[in-house]
Amino acid sequence: MGALEEGWFDPEVSDITVGEGAGGPAMGTMENAVKALLMGLGEDSEREGLRKTPIRVAKAFREGTRGYRQKVEDIVQGAFFPEAGLENGIGQAGGAGGLVVVRDINLFSYCESCLLPFSIKCHVGYVPSGQRVVGLSKLSRVADVYAKRLQEPQRLADEICQALQNSIRPAGVSVALQCWHIQFPEVLKCNLNLPRHPSRSNMQGWVHTSVCSSTGVFEQKKSSFSDDFHTLLQFSGANFGLSNAGCSIHSWCPSRSLDVPESNGHMVRNNLLNGRIFSRPVVSHTSMLAAVASIILSLGEDPSRKELVGTPYRYVHWLMNFSRSNIDIRQNGFILNAINSHESSNGYIHSENEINSELNLPFCAQCEHHLLPFHGVVHIGYFHDEEKKEIDRSSLQAMVHFYGCKLQVQERLTRQIAEAVYSVLGRGVMVVVEANHICMISRGIEKVGSSTATIAVMGQFSTDITAKALFLEAISKVTAAVGP
C-alpha cells in the first residue's frame, strides 16, 4: 500500500511556515501530504488524471480556509452610510431604525471534524443605530470570512454574530444558519431512498441542522425584533422552530462516531506534531494520518486543539471508502446470481421491444481531481435478452456503489456502469448519471445549485432513437413527480 507500509511521507512538520502565499512552504507541504494520501489509497499520483491533484487539493484547502487570513475590519471599513431618518437610539416609526434582514446567503465551510465541506444558508438581521447603516454586501462578506475556516455550525453562527456586533455597533444582531453535511457512502448504499434527485435544493438525505445566535435587542424578552426576524425568514421558506434550534456537534457530523476514546486523548495530542499519529483497528495508517495533521497545521490551525484531535483519523476513514480496488465486478458473482425473471420495482417501458428500467439509484463518489465528493443518482435502462432476464434493483445498486466508491470522474463512472450491465445483458444499455459536484460549489466559481448529467449508450440504444426517447421520458416523469 505504498505510503502505509514504507512511511514515504515525512511527518516532521515543525518547520512548516503557516500562511505563506501560493507556492510557499505551506503549499508545498500540503502537496506532499496529498501525494502521501494518494499512495495510501493505492493510487499512483503520476497517472493521468492525478498528476495535478496534489496542487488542486492544496489550492482548494487554502482557498476554502482563506478566512484565517482576512480581517473583518478591512471589510467593513468605509462601508458605513449616514441615514438621516435614523435616531440616535432605536425605533420603528415609519421604518426608521427598524430591522434589516439579508436572507439566503449561500456559503460553504469545512467541517472541523472530518475536513469535508458542508453547505450553509445564512440569514443575517440587524437593527441600525447611531444614524448609520452598513452596506448590505458587507454582511455576507463578514459571514464568509468565518465560513472560510474549519468550523462547526453553532460556533460559526456565534462568530459571525459577535463580529458584526463588534464591527458595526448596531442595536443588535441575529444570525440564523441552515447547514447540511453530506452522508458517508455506506449510508447511501443502505438507503435506496437517498437522495431522490440531485438538483433538489434541500439536499435531501444530508444531515441537517439549524442554529441561531443573537445579541442586543434580539435577546430582550419583551422585544419583538427576534419574532420579526424569524417571521421574515419564514417568508423565504426558512423555519427555525424550537425543534431545530441548536445541535450537538456529536450529532452533526456523521463521522463523530469514529472519535478516539477519551482515555487516548492526551496521548494523541502529545503525539500529533511529532508524527506519532494514533492508530485504530479500522484505520491505522500512520503516514496518512500524519499527512492530514500537516495539512491542518499548514492551514493555520492547531491540530492538537481538542476539536481537531480526531480529525485526521476521520478524514482518512472517509478517504478509505474510495481506496483503489482491482477486483473485476463480474468476478464477484452477485450480478450473475441476481439475474431473474421478476419484474423490477420500476416496471417496464413498453415499446416494440420491452425495456427494463431502474431509476434513482443513489451514489456517492470522490472526484479524483480535487478529492471532494460528488453525489447524485443513476438511471439504468436495458433491453431484455431472449430469455427475458433482468437484474434486480439491489444488485444494480451494489454495482453503482462498487464503481462509485473509488476516485472517479463522472464521465468514467457512467461508462463503467454501462459496460458492466452490457457485459451481462448484451442487447442494449443506457445509463444516465445526474450529480452535484462539491468542487463546483465549495471552491472557485462556487456555483450553488448547478448539477451535471452524463449519458452512456451501448448496443441497441445506440441506434434505436425511439427507445432512447422513451427511457429519457421515464426519467423526466419520475423527476417531475419528485419535485424541483
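The values are calculated or read from the model by the stated rules, or taken from the named source; none is laboratory data. Since the structure is predicted, the reported quantities are computational estimates derived from the model, not experimental observations. Every residue, glycine among them, receives a Cβ derived from its backbone with ideal geometry; neighbour counts consider all protein chains shown. Heavy atoms of the whole protein, side chains included, go into the accessibility calculation; ligands, DNA and RNA do not. Shrake-Rupley method; radii C 1.70, N 1.55, O 1.52, S 1.80 Å.
Structural remarks
- Within the accessible area of segment 386-439 (1.4 Å probe), percent carbon and sulfur: 46
- Spin-label pair Leu470-Arg51: with each label point 7 Å from Cα along the Cα-Cβ axis, the two points sit 4.6 nm from one another.
- With both labels modelled 7 Å from their Cα along Cα-to-Cβ, the Ser323 to Gln162 distance reads 4.1 nm.
- Karplus-derived HN-Hα couplings along segment 297-314 (A = 6.51, B = -1.76, C = 1.60, θ = phi - 60°), whole Hz, x at Gly and Pro: 5, 5, 6, x, 9, 9, x, 8, 4, 4, 6, 10, 4, x, 4, x, 4, 5
- R0 of 45 Å, Cβ-Cβ distance Asp302-Thr231: FRET efficiency to nearest 0.05: 0.65
- Pairs from the table (Lys71/Lys148; Lys138/Lys221; Lys148/Lys406; Lys121/Lys148; Lys35/Lys406; Lys35/Lys59) lying more than 20 angstrom apart at Cα are Lys138/Lys221; Lys148/Lys406.
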